[in-house]
1. Using alpha carbon centroids, what distance separates the stretch 1-49 and the stretch 112-173, in Å?
2. Taking a 27 Å limit on the Cα-Cα distance, which of the listed pairs K54/K101; K101/K127; K40/K76 fall beyond it?
3. Would you mind putting 113-120, 95-102, 135-142 in packing order, based on average other-beta-carbon counts within 10 Å, highest first?
4. ³J(HN,Hα) across the stretch 41-52 via Karplus (A = 6.51, B = -1.76, C = 1.60, θ = phi - 60°), whole Hz, x for Gly/Pro?
5. Taking θ as phi - 60°, what are the ³J(HN,Hα) couplings along the stretch 156-173 by the Karplus curve (6.51, -1.76, 1.60), each to the nearest whole Hz, with x for Gly and Pro?
6. Quote the relative contact order of the stretch 68-147 in percent (integer), defining contacts as alpha-carbon pairs under 8 Å separated by 6+ residues.
7. Take the Cα of R148, step 7 Å along the line toward its Cβ, and report every residue of the stretch 97-120 whose backbone nitrogen sits under 19 Å from that point.
8. Arrange S107, S74 by Cβ neighbour counts within 10 Å, fewest through most, would you?
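Values in this text are rule-based calculations from the coordinates and carry no lab data. Worth saying up front: this structure is predicted, and the values here are computed from it rather than measured. All Cβ positions, even for glycine, are placed from backbone atoms using ideal geometry, and neighbour counts span all protein chains on display.
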Amino acid sequence: MDEYLKTVAGMMAIAARTAPKASGNDFIEIKILSGNDLSKLADEMLKFGKESGKPNFDRDSENVRASAAVLLLSLKESRCLGLNCGACGFDTCVELEGTLKEGPEFSGPLCAWRLIDFGIALGSAVKTASLFNADNRIMYRIGSVARRINMIEGEMAIGVPISATGKSIYFDR
């Protein structure tokens, strides 16, 4: 079953890559994890949860450990769209540029339109997983730790684990 799910993860990556993006500019990074990488990520998630005192990293790490694959998506080196819309909290895009700083888990502030692009890519990926009946769940904690241990680069990252069992392992946890 795991080999089929790795193929589904590949299809999810295609969906994320081809998802519509503002002005046709693509700042999405994509990586698929499986095998030993899942164990390494799960171990690091457990460790981070204990060290930071943040809840549910332990729970989500066990989901990663029990998954066949994890699709990682990140927003990397994105540039402002140039609309001067103010959605980021600044009046102009020029004011936003150069303000990026590292936060506790992600970097910001970011252009709201690039975050929307990121969300559309995630939605396209999970829609594709559902078309193949692969259980999945968007998990910020996966991306936070994957980014922290350099499994993926970017200002923000999210992970989507997938599995196929008689009952989804990502719900009723």
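1. 7 Å
2. Numbers: K54/K101 21 Å; K101/K127 32 Å; K40/K76 23 Å.
Beyond 27 Å: K101/K127.
3. Working: 113-120: 19.4, 95-102: 12.0, 135-142: 21.5.
Those peptides, ordered most packed to least, come out 135-142, 113-120, 95-102.
4. Once θ is set to phi - 60°, the couplings for the stretch 41-52 become 4, 4, 4, 5, 5, 4, 4, 4, x, 5, 5, 8 Hz.
5. 9, 9, 9, x, 10, x, 9, 8, 9, 9, x, 9, 4, 7, 8, 10, 6, 7
6. Values: 66 pairs, mean separation 21.2, N = 80.
Reported relative contact order: 27 percent.
7. 101-108
8. Details: S107 14, S74 25.
Starting with the residue having the fewest Cβ neighbours, the order is S107, S74.
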